[in-house]
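The values are calculated or read from the model by the stated rules, or taken from the named source; none is laboratory data. For clarity, every value in this text was computed on a predicted model and none was experimentally measured. Neighbour counts are summed over all protein chains in view; Cβ atoms, including those assigned to glycine, are modelled from backbone coordinates with ideal geometry.
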Amino acid sequence: MFGYILKRVLATIPVMVIVAIFVFLLLRLTPGDPAAILAGDAATPAQLERIRDRLGLNDPLHVQFVTWAGQILRGDLGTSLISNTSVSGMIADRLGPTLNLAVMTIVISVLLAVPMGVIAAWRHRTWVDFLVMSFSVLGFSVPVFVIGYILIQIFAIELRWVPVQGYKPPADGIGPFLARAILPALTLATIYVALIARMTRASMLEVLGEDYIRTARAKGVRENVVLFRHALRNAAVPILTIIGTGFALLISGVVVTESVFNIPGIGRLTVDAILARDYPVIQAMILLTAGIYVVVNLAVDISYSLFDPRIRY
Amino acid sequence: MEFKSRDFSDAARVLKIRGLKVGLAGRPEAAPVIDGIDLDIRAGETHCLVGESGSGKSVTSLAIMGLLPRGALEVRGGSIDLEGVEITQASAAEMRGLRAMRLSMIFQEPMTALNPVLRVGEQIEEVLNMHTDLSAADARQRTLDIMEQVHLPDVERIYRAFPHQLSGGQRQRIMIAMALVLDPHLLIADEPTTALDVTTQLQILKLIAELQARKGTALLFITHDMGVVAEIADTVSVMQNGRIVERAPIHELLTAPKEDYTRKLLTAVPTLAPRAARPDARGGDVLKVADLEMVYGGGGVLRRGGGVTAASEVSFAIGPGRTLGIVGESGSGKSTVARCIMRLIDPTGGAVHVAGTEISRLPRRSLRPHRKHLQIVFQDPYRSLNPRWTVARSLCEGPINFGTPRAEALAHAAELMEIVGLPRDALRRYPHQFSGGQRQRIAIARAVAMKPDLLVADEAVSALDVSVQAQVLDLLDDVQAKFGIAMLFITHDLRVAAQICDEVLVMQKGRVVEHGPAANVLSDPHHAYTRTLIEAAPGRHWDFANFRALDTAPAPGPKGETA
Amino acid sequence: MAKASPSRQSAFHVLTGLFSLPAGARLGIGPTIAAAILLGIVAASVCAPLYVPYDPLAMDSLSRLRPPSDAHLLGTDQYGRDIFSRVMTGGRVSLLIGVGAALVSVGLGLAIGLVAGFFRAADGLIMRIMDSLMAIPAILLAIALVALNGPSLGSVIIAITIPEVPRVVRLVRSVVLTAREEPYVEAAIALGSSMPKILIQHLMPNTLAPLIVQGTYICASAILIEAILSFLGAGVSTEIPTWGNIMAEGRSYFQIKPGMIFWPGLLLSLCILAINLLGDTARDLLDPRLKKREG
């Protein structure tokens, strides 16, 4: 078991290295002078020089890479071109709201989506299945900000159940936190629920056709036990996989949702960075999200063994 | 040979089916899958339901269990009476109460029939938890008891095992334990030994018989294998196209079948009496294999120690127009040898001479010109033809690779269709428009189109029904006689080997244990393993095709009982 | 549950039975409607310049943020531009990005996937690179590209394509790896067919059906991502009306003029919905598992 985990952890290193090289080259291989692009049209030579210096663009490429990689390994993600503060510090300040939002979203999504998918598969080709699938396709098709505005319109503006926008940390009280976090979490959950429900249904449909399900029924096992004890555990691996790979969607969703609901998380940080062309921040966000994605999928990989004893170590 | 044929007319009737009809759900106009069958089974009786694929035997068993796939099949009429309970009218909850308590079922494939993510002990115990109020400790004890009764070793350890950690035979014992733990009155066994090796099959058949005798269970045993029927049945129903065409006690059925279809089924069963070897033809050997060895996974940098030896020290030769059979159980290495000779895998040692050239070391590119000398026919007729290609395109692929002009290849393909007994216009059609037997004929035509010196048949008739099997074996014989091809015939079925092979080579665990003329090996085996194999062949004392006992009963086993 | 009894069904079963779709009717009306909607949107977008009443870029400082009227079917935006003309024209770029991203992703993914699936030597490296690219979220990548190269159609298509290509590669590779174990492929080896011939004639056709399905999903998600990028201010130039751009400009006026988000959002959602539904239909039709037993 330990050996397997170690092997999986080591296997993430090349992935992260390739991501890092990719991000590094993205700036350096841009046609034209990246400093001039980032500084905008009205830049003075002094400003250009400052940006070049900040991004380390004056050295030969391999020297740049060694310096850059060394900084990243030490946790130094560079300095913002705008605020002149350390990017790592900026991210640390904004991480809390985003983490709270993400955790809430994942919990809501899994709790909603898995039962939806199971029931849709169980009642395959009935109106229940049709409803779940319709919701799922709809969730894929409506842009996340449109969902956000619709929810605001209904629950904040018409019904006045919750504030329109803003964020309060849980430390200020669970009530105010939830009142402000529930709409963004639901907004963000829509596409995730669609994704997971769809995969749960597909995976369950496959498993429900297996011989051992027939065996379980032949034993006189109750239908809820057939579904949740016999079928769902066998269907778990693809569902876990989609939760992992769907994380990329969640990250994109965070950026949009935080700007719709005006939440001071790392998504907002990113949007502000785009408008200001603050490249070090954008670059750090790519590295960070790729890293989170890799870690989440590593955890998913390892968790397979909890559900399927055939995956041996 | 001795038959059971016990008389059960006094015993209580457990199952009574009258006029049962099953049809496609929601399509009343379609022809029924089961068309008005009657069936009676009494306590303690073993009733065999025999028929070819598609005859409706499995659907019958699912109908009795109330497990017809929802939305696909439904009961249209008739009654299924289980000790006074009408199953066709039972609610879902009533049906659940009957299952495992009053009727149980064992399925064909013990690997897929057990839940892979639950411990096998838990899977048996679940039956008790669902149907009884036993305490956890009592349920566990009862589970261990039934595991002892099905002769599983080291039950405490196996209780905690997952299905993939057990052998096929052990898994089927778990299935039997699960089915019988609550002493049901009716046990349905749907091809329970078909996926098992012949020696394991014998053990499982004995176990079922033993438990049935002890508990007085009525047994409905579904099979396609007449040998198994002869071993275990008291009474037999023969099923064809959703109807029962004949019902008789076993002895009567095998000696004096009344219906043409029953006759046809029986005459198609090959006997275990080996064919007379054909004269050894002049000329050198077509195929010569010397010390062939295949080791998987060895020699890696990180993997120290040897890999898995799939075959070693395999040597034999085949002359033109002769057939050598390799027989053995799963894992014996027989298919590995075939694949090495075909160079679908690269052997790790030894030499393979085909038509005078040593091919075991040739690099892929220089191997290609030699490919036309040796061709192969695979087991699964549904996967051995490209489903997107017309038959013509499949048949022409090889000749065109070797420079035959398309028109000429096509003309030759048309001739081949006649040789294998298919209409010429079949060339324009796609594989899914043909039955399994017809597809196997096309695969043979494709191989023969290359005018090979050697034909490798890797379990080429194992997936076919027995009547189709006989026709394809005849075809292989014809083709061989016509073109003088040498044939390497891989099979697990001794009856098939007896019918077609001049020489037989018996493999066990990657090694050759016995090799000689078919008549010698099958009638007078010298190696203990060969004897075990022959003794395990069900119905080996009966000559089905001639409706009588086999006078030269093969293989008098000095070692007596098998394990 | 309820396997046996046609006569004793619970109310729930009767209810579900009423609404259950008969076996053959699954492909009935849904896909037809989806195809009609999609065709309608495509035709309306492509032909937009022929029938829209105003130049979508023409500003009119005298008629800003007007409500819907006979002159302006959906009203005007903050620059006095006709919203109807902008929305109808906006579909052209959105659809172009969808189709473009789908074609580029499928083409590249197919080529790389075939190589990875068939040549063991290349497989390891290719798959590590693909894993890495998958870890980069499309939105952030697009943001970086746009920050560096400025807003352009090319940046957006590249940004959408890079994370999609690995998914296509994985799909193609898995199909090839499964198919190369098929006996008919081994038979082709025995018949002396060369590796390139086997790859193209036997293996590649197997990837066609899943690629069509995947292609439609990529198309739908590309249109969606374009909208999100524009919304965040990292899409194609704001000079060009796209559904995303129109909605992005509508953000500040959401409370007084929700139509600027609602109408393009509706068309976009309908369009993606239709594409997704057609993708699902194609998958159901082409899924070999559904057809296996019919042969």
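Among the residues of region B:151-162, is any of a type outside the set (Lys, Arg), within 11 Å of chain A (Cβ to nearest Cβ) and either in a helix (DSSP H, G or I) or surrounded by fewer than 23 Cβ atoms within 10 Å (Cβ to Cβ) (or both)?
Initial filter on region B:151-162 (of a type outside the set (Lys, Arg)): B:151-156, B:158-159, B:161-162.
From what is left, the residues that are within 11 Å of chain A (Cβ to nearest Cβ) are B:161-162.
Those still in the list that are either in a helix (DSSP H, G or I) or surrounded by fewer than 23 Cβ atoms within 10 Å (Cβ to Cβ) (or both) too: B:161-162.
Checked region B:151-162: at least one residue is of a type outside the set (Lys, Arg), within 11 Å of chain A (Cβ to nearest Cβ) and either in a helix (DSSP H, G or I) or surrounded by fewer than 23 Cβ atoms within 10 Å (Cβ to Cβ) (or both).
Per-residue answers, yes or no, for (1) of a type in the set (Val, Ile, Thr); (2) part of a helix (DSSP H, G or I); (3) free of Cβ contacts under 8 Å to residues at least 12 places away in the same chain:
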position	(1), (2), (3)
A:VAL9	yes, yes, no
A:ILE18	yes, yes, yes
A:GLY32	no, no, yes
A:LEU48	no, yes, no
A:ASP59	no, no, yes
A:VAL63	yes, yes, yes
A:LEU77	no, no, no
Residue set C:VAL115, C:VAL106; condition within 25 Å of the chain's Cα centre (by Cα), more than 14 Å from chain A (Cβ to nearest Cβ) and in a helix (DSSP H, G or I); output residue C:VAL106
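Taking B:THR348 as the residue in question, decide whether it is among the polar types (S, T, N, Q) and surrounded by fewer than 18 Cβ atoms within 10 Å (Cβ to Cβ). Please lay out each step first, then the result.
Working: among the polar types (S, T, N, Q): yes; surrounded by fewer than 18 Cβ atoms within 10 Å (Cβ to Cβ): no.
The answer is no for B:THR348.
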Can you tell me which residues in region B:33-57 are surrounded by 18 or more Cβ atoms within 10 Å (Cβ to Cβ), not in a strand (DSSP E or B) and not aliphatic (A, V, I, L, M)?
-> B:GLY44, B:GLU45, B:GLY51, B:GLU52, B:SER55, B:GLY56, B:LYS57
Specify which of the listed residues (A:LEU151, A:LEU186) is touching a residue at least 40 places away in the same chain (Cβ under 8 Å), surrounded by fewer than 22 Cβ atoms within 10 Å (Cβ to Cβ) and away from chain B (no Cβ under 14 Å).
-> A:LEU186
Give just the number: which of (1) surrounded by fewer than 18 Cβ atoms within 10 Å (Cβ to Cβ); (2) more than 9 Å from chain C (Cβ to nearest Cβ) does A:PHE177 not satisfy?
-> (1)
A:ASP93 surrounded by fewer than 17 Cβ atoms within 10 Å (Cβ to Cβ), free of Cβ contacts under 8 Å to residues at least 40 places away in the same chain and closer than 20 Å to A:ASP272 by Cβ | yes
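Could you count how many residues in region B:85-123 are assigned to a helix (DSSP H, G or I), more than 19 Å from B:ALA189 (Cα to Cα) and out of contact with any Leu (no Cβ under 7 Å at 6 or more places or on another chain)?
Taking region B:85-123 and keeping what is assigned to a helix (DSSP H, G or I), we get B:87-89, B:92-98, B:110-113, B:120-123.
The next check asks that each one be more than 19 Å from B:ALA189 (Cα to Cα); those that pass are B:88-89, B:92-94, B:97, B:120-122.
So of that shortlist, the ones also out of contact with any Leu (no Cβ under 7 Å at 6 or more places or on another chain) come out as B:88-89, B:92-94, B:97, B:121-122.
Residues in region B:85-123 being assigned to a helix (DSSP H, G or I), more than 19 Å from B:ALA189 (Cα to Cα) and out of contact with any Leu (no Cβ under 7 Å at 6 or more places or on another chain): 8 in total.
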Evaluate the following for B:THR199: is it in a loop (DSSP other than H, G, I, E, B), farther than 15 Å from B:HIS47 by Cβ and under 21 Å from the mean Cα position of the chain (by Cα)?
-> no
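Let's see how each residue does on (1) under 16 Å from C:ILE162 (Cβ atoms); (2) at pLDDT below 85:
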site: C:SER94; (1), (2): no, no
site: C:LEU103; (1), (2): yes, no
site: C:GLY113; (1), (2): yes, no
site: C:ALA121; (1), (2): no, yes
site: C:LEU125; (1), (2): no, no
site: C:ALA142; (1), (2): yes, yes
Tell me, please, whether a residue that is within 28 Å of the chain's Cα centre (by Cα), more than 14 Å from chain A (Cβ to nearest Cβ), surrounded by fewer than 23 Cβ atoms within 10 Å (Cβ to Cβ) and not in a strand (DSSP E or B) can be found in region C:128-150.
-> no
Within region C:163-173, the residues that are surrounded by fewer than 22 Cβ atoms within 10 Å (Cβ to Cβ), more than 9 Å from every other protein chain (Cβ to nearest Cβ) and either within 30 Å of C:SER237 (Cβ to Cβ) or not hydrophobic (A, V, I, L, M, F, W, C) (or both) are C:ARG170
Given (1) assigned to a loop (DSSP other than H, G, I, E, B); (2) crowded, with 19+ Cβ neighbours inside 10 Å, index of the condition B:GLU126 fails | (1)
Only one of B:SER360, B:SER394, B:SER384 is crowded, with 20+ Cβ neighbours inside 10 Å, more than 14 Å from chain C (Cβ to nearest Cβ) and under 30 Å from B:LEU287 (Cα atoms), namely B:SER360
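Test of understanding: among A:VAL193, A:VAL207, which residue is surrounded by 22 or more Cβ atoms within 10 Å (Cβ to Cβ) and either out of contact with any strand residue (DSSP E or B) (no Cβ under 7 Å at 6 or more places or on another chain) or not in a helix (DSSP H, G or I) (or both)?
Values: A:VAL207 fails: surrounded by 22 or more Cβ atoms within 10 Å (Cβ to Cβ).
Result of the check over A:VAL193, A:VAL207: A:VAL193.
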Residue pairs meeting the criteria (Cβ under 9 Å; at least 6 apart or on separate chains; first within 14 Å of chain B (Cβ to nearest Cβ), in region A:295-307; second at pLDDT below 85 and in a helix (DSSP H, G or I)) | A:SER305/A:TYR4
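Scan region B:347-361 for residues that are in contact (Cβ under 8 Å) with a residue 12 or more places away in the chain and either in a loop (DSSP other than H, G, I, E, B) or at negative phi (or both) and jot them down.
B:PRO347, B:THR348, B:GLY349, B:ALA351, B:VAL352, B:HIS353, B:VAL354, B:ALA355, B:GLY356, B:THR357, B:ILE359, B:SER360 - these are the residues of region B:347-361 that are in contact (Cβ under 8 Å) with a residue 12 or more places away in the chain and either in a loop (DSSP other than H, G, I, E, B) or at negative phi (or both).
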Mind listing whichever residues of region C:247-276 are among the β-branched types (Val, Ile, Thr) and either crowded, with 21+ Cβ neighbours inside 10 Å or in a helix (DSSP H, G or I) (or both)?
-> C:ILE261, C:ILE272, C:ILE275
Matching entry among B:VAL75, B:VAL120 (being buried (at least 19 other Cβ atoms within 10 Å of the Cβ), at pLDDT 95 or above and either at the interface with another protein chain (Cβ under 8 Å from one of its Cβ atoms) or closer than 24 Å to A:LEU227 by Cβ (or both)) = B:VAL120
Here the residues within region A:53-77 that are closer than 13 Å to A:ALA20 by Cβ, under 29 Å from the mean Cα position of the chain (by Cα) and loosely packed, with under 13 Cβ neighbours inside 10 Å are A:GLY70, A:LEU73
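Go through region B:499-516 residue by residue and tally those that are in contact with a Ser or Thr (Cβ under 7 Å, 6 or more places away or on another chain) and under 28 Å from B:ILE419 (Cβ atoms). Walk me through how you get there before you give the answer.
So the first thing to find is which residues in region B:499-516 are in contact with a Ser or Thr (Cβ under 7 Å, 6 or more places away or on another chain), and the list is B:500-502, B:506-511, B:513-514.
If we keep only those that are under 28 Å from B:ILE419 (Cβ atoms) too, we end up with B:500-502.
Residues that pass the stated criteria total 3.
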Please enumerate the residues belonging to region A:273-293 that are at the interface with another protein chain (Cβ under 7 Å from one of its Cβ atoms) and not in a helix (DSSP H, G or I).
-> A:ARG277
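Answer yes or no: is there a residue in region C:174-196 that is over 29 Å from B:HIS370 (Cβ atoms), within 14 Å of chain B (Cβ to nearest Cβ) and either part of a helix (DSSP H, G or I) or among the charged types (D, E, K, R) (or both). Talk me through it step by step, then tell me what you get.
Of all residues in region C:174-196, those over 29 Å from B:HIS370 (Cβ atoms) come to C:174-175.
Now restrict to residues that are within 14 Å of chain B (Cβ to nearest Cβ): C:175.
Subsequent filtering for residues that are either part of a helix (DSSP H, G or I) or among the charged types (D, E, K, R) (or both) retains C:175.
Yes, region C:174-196 has at least one match.
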By residue number, the members of region A:1-15 that are modelled with pLDDT of 85 or more and touching a helix residue (DSSP H, G or I) at 6+ places or on another chain (Cβ under 6 Å) are A:THR12, A:PRO14, A:VAL15
Of the residues A:ILE37, A:ILE13, which is among the β-branched types (Val, Ile, Thr), more than 18 Å from A:GLY78 (Cα to Cα) and either surrounded by 13 or more Cβ atoms within 10 Å (Cβ to Cβ) or in the same structural domain as A:ARG277 (by TED's automatic domain parsing) (or both)?
-> A:ILE37
